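Since the structure comes first, as structure tokens, the remarks are kept for the end.
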Amino acid sequence: MNATWHQFERFLDFTKGSHVIGLSELKKYFHRFGYLSIPDMNFTDSFDEPFESAVIHYQSKLGLPITAKLDSDTLSQIMLPRCGMSDTHMLHTTRHFAYFPGEPRWNRPSPTSLTYAFSPDNMIQYVNASEIRAVFERAFTRWAAVIPVSFYETEFYGSPDIKIGFYSGDHGDGQPFDGVLGVLAHAFSPENGNFHLDAAERWAVDFGKEKSKVAVDLESVVTHEIGHVLGLGHSSVKQAIMYPSLIPRTKKVGLKLDDVEGVQALYGSNPNFRFSSLWASDMSTNQAVGSRFRSSKWFTIILFFLCLCI
């Protein structure tokens, strides 16, 4: 399999002043997701001051302990598969959610109706088309429940608002995919409408049937990318749908308060939506996540990724 960012684990506990062969590759990661600007793309293997600033920025944006070094929390986050959209080319508000520059949204009369269609030439064959369509319908419905926006599938791929497809490698939009894990998908801000998933991933709609260790839940990623289609950037709240990373073989589909507050600031609220259900959901989720993370260890994540590469 493509180890992608797994090799970065060897930089554990490096700090400013360190020099190690291969650190330039990690700098490319930070550059790709908006944390490091290097003139002429001259990436060195030195842990210099600009890179330290990038590490601090990364830790701050993703809600990690700010240590200014490549500690276990930071490296475990870096190694996770994630959305391909930049974290920092987005405008963060006083809350945790973020927008694209200019806060673009679909400029349509409210209530808004958007159409979507699947590319007839860029789909995966090992998941039934009806199952894929059902995943997208559920994900769109989840967002429509909180804002006055409706989504309708059309069979005509010529001019829908949202164009969906599975692509491999360099597919012409300037953001090439990188094989198994790494970048999972990307979708662009309004009113672009392009919604691309990496065809190299092992996409799953049912983990009971899909046994691959690197399987990625399709509905979780689709729900996240719809947030981008609507104009949301990445959140620093780990439980939020709009947090940029996703652990393989995990399902994360429920909108959190941060997601809802962010998208409602763009479009207003669905008149039938009530916050009370989200408060209850967030409280139970936070309690469960807090308990799980208190008992987790750094080596557990390392062993997980080592197993993937065997």
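What follows is calculated from the coordinates using simple rules that are stated; it is not laboratory data. Since we're looking at a predicted model, the values are computed, not measured. Ideal geometry is used to build each Cβ from the backbone, glycine not excepted, and the neighbour counts take in all protein chains shown.
Would you indicate which of (1) 184; (2) 143; (3) 153 is the value of volume of the Cα convex hull per residue in Å³ derived from the coordinates of this structure?
(2)
Quick one: net charge of Ala200's neighbours, Cβ under 13 Å, K/R +1, D/E -1?
-3
With a cut-off of 8 Å between alpha carbons and a minimum separation of six or more residues, what is the relative contact order of segment 98-221 in percent?
26 percent
How would you rank Met41, Met123, going from fewest to most other Cβ atoms within 10 Å of each one's own Cβ?
Ranked by crowding around the Cβ, least crowded first: Met41, Met123.
With 10 angstrom as the radius, rank Ser245, Ser53 by how many other C-beta atoms surround their C-beta, starting from the fewest.
So the ranking, lowest neighbour count to highest, is Ser53, Ser245.
Could you grab the relative contact order for segment 184-270? Cα pairs under 8 Å, six or more apart, rounded to a whole percent.
Computed over segment 184-270, the figure is 26 percent.
Along the Cα→Cβ direction, 7 angstrom out, place labels at Val205 and Phe275. What is the inter-label distance in nm?
Taking the simple label geometry, Val205 and Phe275 are separated by 3.6 nm.
Compute the FRET efficiency between Ile56 and Ser212 as 1/(1 + (r/R0)^6), taking r as their Cβ-Cβ distance and R0 = 45 Å, and round to the nearest 0.05.
0.80
Computed FRET efficiency, Cβ-Cβ of Arg108 and Glu25, R0 41 Å: what is it to the nearest 0.05?
The pair Arg108/Glu25 has a calculated efficiency of 0.45.
To two decimal places, what compactness ratio does segment 6-79 give when its Cα radius of gyration is scaled by 2.2 N^0.38 Å?
My calculation over the Cα atoms of segment 6-79 gives 0.97.
Which of Glu201, Glu131, Glu52 has the fewest other C-beta atoms within 10 Å, and how do the rest follow up to the most?
Glu131, Glu52, Glu201
Explain nothing, just the number: dipole magnitude of the chain about its Cα centre with +1 on each Lys and Arg Cβ and -1 on each Asp and Glu Cβ, in debye rounded to the nearest 20.
In debye, rounded to 20, the chain gives about 920.
Once label points are set 7 Å from the Cα along Cα→Cβ at both Gln7 and Ser46, what is their separation, rounded to one decimal in nm?
2.2 nm
Give the range of the longest stretch in the chain that excludes all chymotrypsin sites (Phe, Trp or Tyr not before Pro) found in loop regions by DSSP and having at most 10 other beta-carbon atoms within 10 Å. Let's see the in-between values first.
Working: sites that count: Tyr126, Phe156.
For chymotrypsin sites (Phe, Trp or Tyr not before Pro) (loop position, at most 10 other Cβ atoms within 10 Å), the longest site-free span of the chain is 157-310.
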